[in-house]
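Trainee: My questions will all concern the structure given below.
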Amino acid sequence: MSDRWYTKAVVYCLDIDTFADANGDGIGDIPGLIGRLDYLARLGVTCIWLNPIHPSPDRDDGYDVADFYNVDPRFGTLGDFAELLHQAGNLGIKVIIDLVVNHTSDKHPWFQSARASADSPYRDWYVWSETEPADRNQGMVFPGEQSETWSYDRTAKLWYYHRFYRFQPDLNIKNPEVREEIKKICAFWLQLGVAGFRMDAVPFIIEQTEPGNPDSPKDFPFLTELRQHVQWRKGDAVLLAEANVEPGQLPVFFGDEGGSGNRIHMLFDFMLNARMVLALAREDPEPIIDALRSTPKLPAGGQWATFLRNHDEIDLSRLTAEQRDDVFARFGPDEDMQLYGRGIRRRLAPMLGNDRRRLELAYALQFSLRGTPVLRYGEEIGMGDDLALEGRDSIRTPMQWSALPNGGFSTADPEKLIRPVVTDGDFGYERVNVTRQRHDASSLLSWFERMIRTLREAPEVGNGTCAYVDVPAPHGLLVHRADDVTGTMLFLHNLGTERCVVDLQELAGEAVLPNDVLADREYADPGKLDALTVEGYGYRWIRLRKQT
């Protein structure tokens, strides 16, 4: 891969504990993941993003870290992890890990020391207040599960700040020792061989929390410091950040006000994600067009990461109330499908009624838009969810490998599994699994492999510009293009149910032997581009020209 390898990557997000269990204890582990690397290589994955791997009380799926310098013993050892990096590298796959440094577990030795004594060297590593802050009940990330962001510690006899759950006290980014420790954590894992980090909750990491001030200042220069530190340690390391903020605030996460790309390399595009889901719900591309037109200009080297599903709920908080209601009505009409009043806790296949046409359309659309695509484990086979599980665990069920007991995930007794495997209905593991789809050339898994191979032959998508093609088009049809020095790709996606025809002959002058490289069915040759047909829920990726 190139020095900016992340612009051409296909990122696959997984939890070690639900992916593959090699030792039969009911919990996925690193040797199990190593045994499935060939599968990921065949799929076309070039980068694995691992959700938290560190020792943890596991009250928040590993996001309550108790030791930043080790691997959760349930998953294996540091030696196992080094072997994972080696074997993945042999297959051309890079590995990035979650960097969860906004907070620690309250069981972390740092916090235990900090609360025990005012003389502790770690006391100032956390955020304290001697009096009850006026904003104690503001800023909750998980409404309904949190009632406050400041809690009283009886041992310290102080109030401590926690943007998330009360068992996750926030680190004090204003403390130079904390900043240096974060850099040291990054250096440790880079030295071991990871390719970078997915930074959790970046706007909160850099928040210089002041008791009673719900709008505390943010320390953006720390992101510049961290980027510089990371790249001195490993030149092609990448920082992929979660920053779900207003569009106008996004550029300062990529770089400073002078336009330099000296902070985060990649940001998840939450606004595009919500707009894509709205467009699919309404069967109308206008929300996507709006998102493309309002995309902030990125500095050189900056990149978006696109996604439809990840490890959390689909966050609709940046839609209007009317838009949110439309999405809920179509994709999450029942209360147990919704979360925090703003999101949907379902996988995409059940959201789309297990309609193969709509699934292909949705992922063809995501993978053709500007940026680097991120795919959640199990989406490539159309896995379902388990709404009987609490909160976000509904979409964190074990990977379904085969029709063997427990879906081939583990040989343990079912009651010992980290979470139940989906067993019933259209999404049960006997119907939806890798082995069954591997033997079916027309399966969703086979389609994903073809689609990703096609994407790898279209570097314009990751490296080039992405623009809406503004021509008279039937309702429901999105036409966009990707351009770079390597050539031009033209994309047509019909979000509606009716067949449509569009005239794009104004682009004929740019075309050199235009041809379909991916489509939902066989279509007539594009010819002069004056009568391009797309079936309902159909799509066409057309190579307009290839620079030779």
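The values are calculated or read from the model by the stated rules, or taken from the named source; none is laboratory data. Because the structure is a prediction, the values reported are computed rather than measured. Counting neighbours? That spans all protein chains shown, and the Cβs are built from the backbone with ideal geometry, glycine included. The accessibility values were calculated without ligands, DNA or RNA, using every heavy atom of the protein model including side chains. Shrake-Rupley method; radii C 1.70, N 1.55, O 1.52, S 1.80 Å.
Trainee: Output ³J(HN,Hα) for region 195-200: one whole-Hz value per residue in order, computed from phi by the Karplus curve 6.51 cos²θ - 1.76 cosθ + 1.60 with θ = phi - 60°, and x for Gly and Pro.
Mentor: Coupling constants for region 195-200: 8, x, 9, 9, 8, 7 Hz.
Trainee: Moving to a separate point now. Calculate how many DSSP beta bridges within region 144-247 are antiparallel, expressed in % of all such bridges and rounded to the nearest 5.
Mentor: Of those bridges, close to 60 percent are antiparallel.
Trainee: Order the peptides 470-481, 387-398 from the highest to the lowest mean number of other Cβ atoms within 10 Å of their residues.
Mentor: Per-residue mean Cβ counts within 10 Å order the peptides as 387-398, 470-481.
Trainee: Let me ask something else. Based solely on C-alpha atoms, express the radius of gyration and the Dmax of region 454-548 in angstrom.
Mentor: So, for region 454-548, Rg and Dmax equal 12.4, 38 Å respectively.
Trainee: Can I ask one more? With charges only on Cβ, +1 for K and R and -1 for D and E, what is the dipole size of region 375-518 about its Cα centre, in debye, rounded to 20?
Mentor: Roughly 420 debye, rounded to the nearest 20.
Trainee: Let me have the 222 nm mean residue ellipticity of the chain computed from DSSP H runs of 4+ only, each contributing -39500 (n - 2.57), with the sum over all residues rounded to the nearest 500.
Mentor: -7500 deg cm²/dmol
Trainee: Across the Cα atoms of the chain, what radius of gyration and what greatest pairwise Cα-Cα distance (Dmax) are found, in Å?
Mentor: 23.5, 78
Trainee: Can you list the residues, at least 5 places off or on another chain, whose amide H is less than 5 Å from the amide H of TYR126, using H built in the peptide plane?
Mentor: Amide H neighbours of TYR126: ASN172.
Trainee: Another question, if that's okay. From the phi of every residue in region 23-28, what ³J(HN,Hα) in whole Hz does the Karplus formula 6.51 cos²θ - 1.76 cosθ + 1.60 yield, where θ is phi - 60° and glycine or proline is x?
Mentor: Running phi through 6.51 cos²θ - 1.76 cosθ + 1.60 with θ = phi - 60° gives 9, x, 9, x, 10, x Hz.
Trainee: Moving on. Counting alpha carbon pairs within less than 8 Å and at least 6 residues apart, what relative contact order, in whole percent, applies to region 78-169?
Mentor: 24 percent
Trainee: Next up: Where the only charges are on Cβ atoms (+1 Lys, Arg; -1 Asp, Glu), what is the dipole of the chain about its Cα centre, to the nearest 20 debye?
Mentor: 1240 debye
Trainee: Quick check: at a probe of 1.4 Å, how many percent of the accessible area of region 1-122 sits on carbon and sulfur atoms?
Mentor: 47 percent
Trainee: Roll a 1.4 Å probe over the protein chains and send me the accessible area per residue for the chain in Å².
Mentor: Per-residue value: 38 Å².
Trainee: Continuing with the same structure: If one computes the Cα centroid of region 77-112 and of region 146-217, what distance in Å separates the two points?
Mentor: 18 Å
Trainee: Of LEU316, GLN138, PRO203, which is farthest on the positive side of the dipole of the chain, counting Cα position, with +1 on Lys and Arg Cβ, -1 on Asp and Glu Cβ, and the Cα centre as origin?
Mentor: Most positive-ward Cα: PRO203.
Trainee: Let me ask another. Counting DSSP beta bridges with both partners in region 236-357, what percentage is antiparallel, nearest 5?
Mentor: Roughly 45 percent of the DSSP beta bridges within region 236-357 come out antiparallel.
Trainee: Express the relative contact order of the chain as a whole percentage, based on alpha carbon pairs under 8 Å and six or more residues apart in sequence.
Mentor: 12 percent
Trainee: Please give every one of the lysines within straight-line cross-link reach of LYS184, meaning a C-alpha to C-alpha distance under 22 Å, and leave out same-chain neighbours fewer than 8 residues apart.
Mentor: Cα-Cα hits under 22 Å: LYS94, LYS107, LYS174, LYS218, LYS234.
Trainee: Check which residues have an amide H placed less than 5 Å from LEU477's amide H, if you skip close sequence neighbours.
Mentor: The list, which skips near neighbours in sequence, is LEU495.
Trainee: In the chain, what percentage of the DSSP-assigned beta bridges are antiparallel, given to the nearest 5?
Mentor: Taking every DSSP beta bridge with both residues in the chain, the antiparallel ones total about 60 percent.
Trainee: Around LYS94, which amide H atoms from residues at least 5 apart in sequence, or from another chain, sit under 5 Å from its own amide H, with H modelled in the peptide plane?
Mentor: Close amide H contacts, sequence-distant or interchain: CYS47, ILE48.
Trainee: Let me ask something additional. Between Rg and the Kirkwood Rh of region 38-92, both from Cα atoms, what is the Rg to Rh ratio?
Mentor: 1.04
Trainee: Here's a follow-up. Using +1 at the Cβ of each Lys and Arg and -1 at the Cβ of each Asp and Glu in region 434-548, identify which of PRO526, GLY509, ALA458 lies farthest towards the dipole's positive end.
Mentor: After comparing all options, I get ALA458.
Trainee: Next question. At 20 Å minimum axial length over the Cα atoms and a Kyte-Doolittle cut of -0.5, report the qualifying DSSP H helices in the chain, or say none.
Mentor: Length and hydropathy pass: 176-192.
Trainee: How big is the shadow of the Cα convex hull of region 456-507, averaged over all directions, in nm²?
Mentor: Hull-based average projected area comes out at 4.2 nm².
Trainee: If you roll a 1.4 angstrom probe over the protein chains with everything in place, what fraction of the accessible area of region 444-548 belongs to carbon and sulfur, to the nearest %?
Mentor: Carbon plus sulfur share of accessible area: 48 percent.
Trainee: Cβ neighbours within 10 Å, averaged per peptide: list 511-520, 300-309 in order, most packed at the top.
Mentor: So the peptides 511-520, 300-309, ranked by packing, come out 300-309, 511-520.
Trainee: Answer rounded, prolate or oblate for region 1-107, using the Cα gyration tensor with square roots of eigenvalues a ≥ b ≥ c: rounded when a/c is under 1.5, else prolate when a/b is larger than b/c, else oblate.
Mentor: Since a/c reaches 1.5 but b/c is at least a/b, the shape of region 1-107 is classed as oblate.
Trainee: Taking θ = phi - 60°, what integer Hz values does the Karplus form 6.51 cos²θ - 1.76 cosθ + 1.60 yield along region 486-494, in sequence order, with x for Gly and Pro?
Mentor: Working through the residues one at a time gives 7, x, 9, 10, 10, 10, 10, 10, 9 Hz.
Trainee: Over region 400-524, what relative contact order in percent results from Cα pairs under 8 Å that are six or more residues apart?
Mentor: With pairs under 8 Å counted, the relative contact order is 15 percent.
Trainee: Related question: Which of the aspartates and glutamates could be linked to LYS183 by a straight reach, that is with a Cα gap under 16 Å, when you skip same-chain ones fewer than 8 residues away?
Mentor: Leaving aside aspartates and glutamates fewer than 8 places away in the same chain, those within reach of LYS183 are ASP67, ASP98, ASP200, ASP219, GLU225.
Trainee: Per the 1.4 Å probe, what fraction of the accessible area of region 189-347, in percent, lies on carbon and sulfur atoms?
Mentor: Accessible surface attributable to carbon and sulfur in region 189-347 totals 45 percent.
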